[in-house]
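Since the structure comes first, as structure tokens, the remarks are kept for the end.
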Amino acid sequence: MTVPAIFGVSGPTLSEAERAFFDESQPLGFILFARNCETPAQVKALCADLRTVTGRADTPVLIDQEGGRVARLQAPHWRHPPPAQVFGALWDRDSEAGCCAAKLNGQLIGASLRHSGINVDCAPVLDVPVPGSHDIIGDRAFHIDPEAIVALGRAFADGLIEAGVLPVVKHIPGHGRAQADSHAELPVVAASVDDLEQDFAPFRALRDMPLAMTAHVLYSALDATHPATTSASIIEGIIRTQIGFEGLLMSDDISSNMKALSGGFADRARESIAAGCDVVLHCDGDLEAMHAVAEALPPLSDRAAIRWAQASFLIVEPGSINESAAQAELDSLLG
């Protein structure tokens, strides 16, 4: 039985307690953070160990490697990519060059992840920032123009896929209007349904992507009580129907790192799955909390299993990416 959860790990190697828990609970996958990443060889060994525990070679191992201030793999062992906004600035000067640079960046990030055994990147950010919103998104967004976000997000995602890594579009249906950081509190967006159409546009344009992550944001015009992650009406009515996303939908982090959600971790997990998330993400590596989450969850649904199988089909052996040439071309484009 597979549990519909993606769990964090406490350190650079598995403890015996973690190994026993993961072997028993069989989560769908895992997510790594800076605390788990010391060297490429160590990360590769950790990823191999995690897949040995699940017995599944295609087990998703995720990381947030957007670039800029959200990059878990750090120098000197890994290249530090620029933030997404850099590519939006290039787009303003030359849209074709901006897309080319975004794709090269995706290829380079994907290659570095693949070398380390990681097969899923929690990027690109497709949120549309608006004036006055909290800077939790800020330069993580490609642009303020949905058209530019669509083009650059697509290019970046294509680059990742060409390198053998799956993209996760986030934060569906849109985090750009939030005036609070969901790590600290629940953001409430009071925009009208008509205004929210701008936020939905990039996700609708990239609805064919294999994976997406929800926003811990309450949209009062859509559901006055529940944030998107635990709102059945938003997941079914907006994400699945209006936006048309059919891939695997994961919650944003439900661990203690996120203050936007209320209730215990078991309740958060149950409510997310009941609302329509395929998988919950629990990131902080707290073993006691992960036990509670695993015990609260039903087995991975048949529909979610099919969605993951369809996504994993895209994890192919990467083509021959000349990383030094790609980096040189990217440097030239960014000037």
Cα pair distances exceeding 16 angstrom across the range 249-335, given as percent | 64
So if we plug the beta-carbon distance of D195 and K259 into 1/(1 + (r/R0)^6) with R0 = 30 Å, what FRET efficiency do we get, rounded to 0.05?
-> 0.70
Between the modelled labels at E288 and F33 (7 Å from Cα along Cα→Cβ) the distance in nm is 1.7
Taking the simple approach of a point 7 Å from Cα along Cα-to-Cβ for both M1 and D208, what is their distance in nm?
-> 3.8
Extension gain (nm, one decimal) between D135 and H77, 0.36 nm per residue minus Cα-Cα | 18.0 nm
Grab the eigenvalues of the alpha-carbon gyration tensor for the range 256-304, scale each by 5, take roots, and send me the semi-axes largest first in whole angstrom.
-> 18, 12, 9
Do any trypsin sites (Lys or Arg not before Pro) in the range 83-124 lie in a loop, going by DSSP, with at most 13 other beta-carbon atoms within 10 Å of their beta carbon, and if so which?
-> none
How do 168-180, 46-58, 285-297 rank on mean C-beta neighbours within 10 Å, highest first?
-> 168-180, 285-297, 46-58
Value at 222 nm in deg cm²/dmol, rounded to 500, when DSSP H runs of n ≥ 4 in the chain each add -39,500 (n - 2.57) = -12000 deg cm²/dmol
Quick one: what does P(r) look like for the chain with 20 Å bins over all Cα pairs, in whole %?
-> 34, 60, 6
In percent, what relative contact order does the range 1-119 have, based on Cα pairs under 8 Å that are 6 or more apart in sequence?
-> 24
A correct Kirkwood calculation over the Cα atoms of the range 167-305 returns a hydrodynamic radius in Å of 14.9
Taking a cut-off of 22 Å between Cα atoms, list the lysines near K170, but don't count ones fewer than 8 places away on the same chain.
-> K103, K259
Could you tell me which chymotrypsin sites (Phe, Trp or Tyr not before Pro) in the range 263-335 are loop residues by DSSP with no more than 15 other beta carbons within 10 angstrom of their beta carbon?
-> F313
Share of pairwise Cα separations in the range 61-140, more than 20 Å, in percent | 34
Roughly speaking, what is the centre-to-centre gap between the range 79-127 and the range 136-206 when only Cα atoms are used, to the nearest Å?
-> 14
What is the spin-label model distance, in nm, from A17 to V316 if the labels are put 7 Å beyond Cα along the C-beta direction?
-> 4.4
Among 242-249, 32-39, the order from most to least packed when residues are scored by Cβ within 10 Å on average = 242-249, 32-39
Subtract the Cα-Cα distance of A89 and I144 from 0.36 nm times their separation in residues, and report this length gain in nm to one decimal.
-> 18.7 nm
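Values quoted throughout were computed directly from the atomic coordinates according to the rules given, and no laboratory measurement underlies them. This structure is a prediction, so every number in the text was calculated from the model and none was measured. For neighbour counting, all protein chains shown are included, and Cβ atoms are generated from backbone atoms with ideal geometry for every residue, glycine included.
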